[in-house]
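This report refers to the structure that appears directly beneath it.
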Amino acid sequence: MINILTIFMFVSICVGAFLLAYILINGNVHYMKYLAAMLACVVIYIFGYMIELHSNSLRTALLWNGLQYFAIPVISTLWLIMVLLYVGIVKRVRSWIVLALFIIPAITYVMRLTNSSHFLYYTGYAFNMYGEVGILELWKGPWYYVQQIYGCIETLLVILIFWIRSYMVSGAERRSYRILSLISASTTLSILLILFDPTNLGLDYTAVLFPIPLFLLAYVIAKQDFFEILSTARNQIFYQSKEAMIILNDKHRVIDYNLKAVEFFEENGIKLTVTDLNMFYDENVTLIETLYSERVEIFQDTFNDGLRYWEISSNMIFAKKGIRHGIIKIIRDITVEYTERQHLEKIAKVDELTQLFNRREFNERAAILIKQSKDKDMPLIMLMFDIDHFKRVNDTFGHQAGDKVLKKIADEASVSFRNDDLLARVGGEEFAVILPGISDSKARLRADRYREKIAAMHFIESDPSYQITISFGMAVLGNQMSLEELMGNADKALYEAKNSGRNKVVKYS
């Protein structure tokens with residue numbers, strides 16, 4: 001019997017030592033040090049108990065029992081801290097957490113070392129040989145029960161955390177959480193067996209039964225790389241990402257998030273927690289509705305009186321059989337590139353000097369207006385106008401003065417014509433206006449008012465008496481007429497206005 005038990009415990013020590021070495025070499029995730037510390041304590045505990053069983057005197061047995069108490073009080077506490085970090089309930093272990101969780105194990109350690117002075121941990125002990133096995137019989141004191149119950153509560157919390165977590169995920173990850181829940185349950189069972197000792201043999205059931213969870217833990221790590229690959233990826237890609245990231249399950253419940261996500265949501269009035277997305281509707285409806293979309297969305301917010309733009313993309317999480325069970329939302333600040341893109345798009349469409357549409361954009365929009373007018377059988381007028389004797393302005397007062405004239409002409413045109421009218425600079429000093437849904441008489445009236453307004457204005461600061469005038473050519477859209485034909489007719493009318501004295505509106509006929 002003793003030989004079988006010794007071999008079993010020796011193999012368990014070897015497995016534990018291998019796992020410890022594996023984690024120390026490869027485990028660069030923040031919570032791995034707590035798993036490593038727990039495994040080291042377990043190895044010390046099993047080793048101490050294995051030697052205790054081979055003791056031949058009370059003094060030797062107590063010595064090896066004392067070695068075990070360097071590890072026993074903190075095993076369940078370390079396991080609980082590791083789990084809290086792993087599932088993200090806490091992001092880092094603060095000093096108050098250490099103080100709260102380790103205060104009872106610390107008292108236990110002192111109580112065990114000084115037991116001979118007060119006998120509050122063990123009220124007494126004896127040593128008996130049962131064949132080849134040396135059993136240290138210990139009569140439990142009040143603090144012994146405090147420590148064991150405390151350890152039992154911690155492992156029950158771990159079981160509860162893993163089990164609840166398993167309902168938030170699916171597939172292989174759910175199975176992993178439930179396996180870990182069963183591992184933790186076996187330690188709780190061993191603690192209860194020590195407290196009640198149903199066989200009255202005086203065996204330490206935790207030391208004997210704990211190798212079973214160790215083997216299960218080894219199985220989980222070897223088969224699924226549950227801690228190493230998954231955790232390292234999460235640490236390096238998820239938690240250390242410069243982009244805000246949140247994980248949602250298939251029911252849009254927040255499962256996990258990184259620190260950048262916390263900062264992003266706080267700036268938008270939301271304190272991020274593990275809950276359903278719809279719980280945040282009251283805080284920021286626009287953001288939550290954007291997050292519900294599975295397309296790439298652009299979200300806009302204000303920061304320091306300026307606009308910021310965020311790209312929110314969705315990456316689906318699929319199980320092995322192709323069943324979707326989650327979404328990773330990646331929130332990236334694209335303010336610089338978005339504003340640059342807007343600027344480039346604007347440059348491609350808008351004349352830089354006058355801020356009116358350029359000829360290319362005018363042609364595209366005009367073709368749409370012409371098609372709509374034909375489909376709805378509505379009238380459409382085109383006006384072409386340019387500045388009379390503009391070359392004389394440049395030659396006399398310089399190109400800078402000419403640019404100011406062009407800018408002022410454009411600004412006044414934007415005010416004088418309707419928002420529905422299409423206005424553009426189509427040449428050096430030539431402008432075009434399309435007026436949809438208006439009669440030619442009303443279009444002429446608008447052109448005349450604008451022309452008279454320009455003629456009455458002062459453009460040249462150095463010569464206030466210098467008058468700037470403009471000439472108009474007007475054309476009416478016919479049923480079979482194309483944009484090129486319409487512009488050609490308006491241009492011919494403009495040419496006629498120039499030849500007949502300028503500063504007038506001429507309709508093509």
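The values are calculated or read from the model by the stated rules, or taken from the named source; none is laboratory data. The shown structure was predicted, so the numbers you read here are calculated from the model rather than taken from an experiment. Cβ atoms come from the backbone with ideal geometry, glycine included; neighbour counts cover every protein chain shown. We work out accessible area using only protein heavy atoms, side chains counted, and drop any ligands, DNA or RNA first. Shrake-Rupley method; radii C 1.70, N 1.55, O 1.52, S 1.80 Å.
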Tally, over segment 422-465, of residues that are farther than 20 Å from Val506 by Cβ and of a type in the set (S, T, N, Q): 2
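Taking the residues in segment 291-309 that are hydroxyl-bearing (Ser, Thr, Tyr) and over 14 Å from Leu248 (Cα atoms) as candidates, determine which candidate is most open to solvent (accessible area, probe 1.4 Å).
Residues of segment 291-309 that are hydroxyl-bearing (Ser, Thr, Tyr), as a first pass: 292-293, 302, 309.
In the following step, the residues that additionally are over 14 Å from Leu248 (Cα atoms) were identified as 302, 309.
Details: Thr302: 100, Tyr309: 23 Å².
Across segment 291-309, the extreme among qualifying residues is Thr302.
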Residue among Leu383, Leu406 that alone is under 16 Å from Arg449 (Cα atoms) and of a type outside the set (S, T, N, Q): Leu383
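Would you say Leu84 is among the hydrophobic types (A, V, I, L, M, F, W, C) and buried (at least 21 other Cβ atoms within 10 Å of the Cβ)? Full working, then the answer.
Working: among the hydrophobic types (A, V, I, L, M, F, W, C): yes; buried (at least 21 other Cβ atoms within 10 Å of the Cβ): no.
When the stated conditions are applied, Leu84 does not pass them.
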Single residue of segment 324-359 satisfying the filter (among the aliphatic types (A, V, I, L, M), in contact (Cβ under 8 Å) with a residue 24 or more places away in the chain and farther than 19 Å from Val254 by Cα) that is most open to solvent (accessible area, probe 1.4 Å): Leu353
Members of segment 236-247 that are surrounded by 12 or more Cβ atoms within 10 Å (Cβ to Cβ) and either modelled with pLDDT of 85 or more or not in a loop (DSSP other than H, G, I, E, B) (or both): Gln236, Ile237, Phe238, Tyr239, Glu243, Ala244, Met245, Ile246, Ile247
Single condition Ala348 does not satisfy, out of (1) farther than 30 Å from Glu263 by Cβ; (2) outside any helix (DSSP H, G or I); (3) of a type outside the set (D, E, K, R): (2)
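Show me the strands (runs of 3 or more DSSP E) found entirely inside segment 361-470 where at least 3 residues are closer than 21 Å to Leu494 by Cβ and open to solvent by 50 Å² or more (accessible area, probe 1.4 Å).
Details: elements: 380-387, 422-425, 430-436.
It comes to none.
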Selection from segment 248-290 of residues that are touching a residue at least 12 places away in the same chain (Cβ under 8 Å), among the aliphatic types (A, V, I, L, M) and open to solvent by 70 Å² or more (accessible area, probe 1.4 Å): Leu259
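Kindly establish whether Gly473 is at pLDDT below 95, open to solvent by less than 50 Å² (accessible area, probe 1.4 Å) and among the small types (Gly, Ala, Ser). Walk me through it before giving the result.
Details: at pLDDT below 95: no; open to solvent by less than 50 Å² (accessible area, probe 1.4 Å): yes; among the small types (Gly, Ala, Ser): yes.
No.
Only one residue in Glu461, Glu429 is under 19 Å from Asp386 (Cβ atoms) and modelled with pLDDT under 95. Which one? First the steps, then the outcome.
Values: Glu461 fails: under 19 Å from Asp386 (Cβ atoms).
Result of the check over Glu461, Glu429: Glu429.
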Residues located in segment 451-488, provided they are closer than 17 Å to Leu369 by Cα and touching a strand residue (DSSP E or B) at 6+ places or on another chain (Cβ under 7 Å): Met474, Ala475, Val476, Leu477, Leu486, Met487
Matching residues, segment 51-71, being modelled with pLDDT under 85, open to solvent by 20 Å² or more (accessible area, probe 1.4 Å) and closer than 22 Å to Cys14 by Cβ: His54
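May I ask you to list the residues in segment 117-142 that are hydrophobic (A, V, I, L, M, F, W, C) and either open to solvent by 50 Å² or more (accessible area, probe 1.4 Å) or touching a strand residue (DSSP E or B) at 6+ places or on another chain (Cβ under 9 Å) (or both)? Write out each step before concluding.
Quick first cut of segment 117-142, residues hydrophobic (A, V, I, L, M, F, W, C) only: 119-120, 126-127, 129, 133, 135-136, 138-139.
Matches in segment 117-142: Phe119, Leu120, Ala126, Phe127, Met129, Ile135, Leu136, Leu138, Trp139.
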Selection count, segment 482-493, where residues are buried (at least 20 other Cβ atoms within 10 Å of the Cβ) and touching a Phe, Trp or Tyr at 6+ places or on another chain (Cβ under 7 Å): 3
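Name the helices (runs of 4 or more DSSP H) wholly within segment 26-130 that hold at least 3 residues that are in contact (Cβ under 8 Å) with a residue 40 or more places away in the chain? Walk me through it before giving the result.
Details: elements: 32-53, 58-68, 75-86, 95-113, 115-118.
The helices (runs of 4 or more DSSP H) meeting that bar are 32-53, 58-68, 75-86, 95-113.
Rundown of residues vs (1) among the acidic types (Asp, Glu); (2) farther than 26 Å from Arg444 by Cβ, yes/no style:
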| site | (1), (2) |
| --- | --- |
| Glu311 | yes, yes |
| Ile327 | no, yes |
| Lys349 | no, yes |
| Ala367 | no, no |
| Ser373 | no, no |
| Asp377 | yes, no |
| Phe390 | no, no |
| Asp395 | yes, yes |
| Gln400 | no, yes |
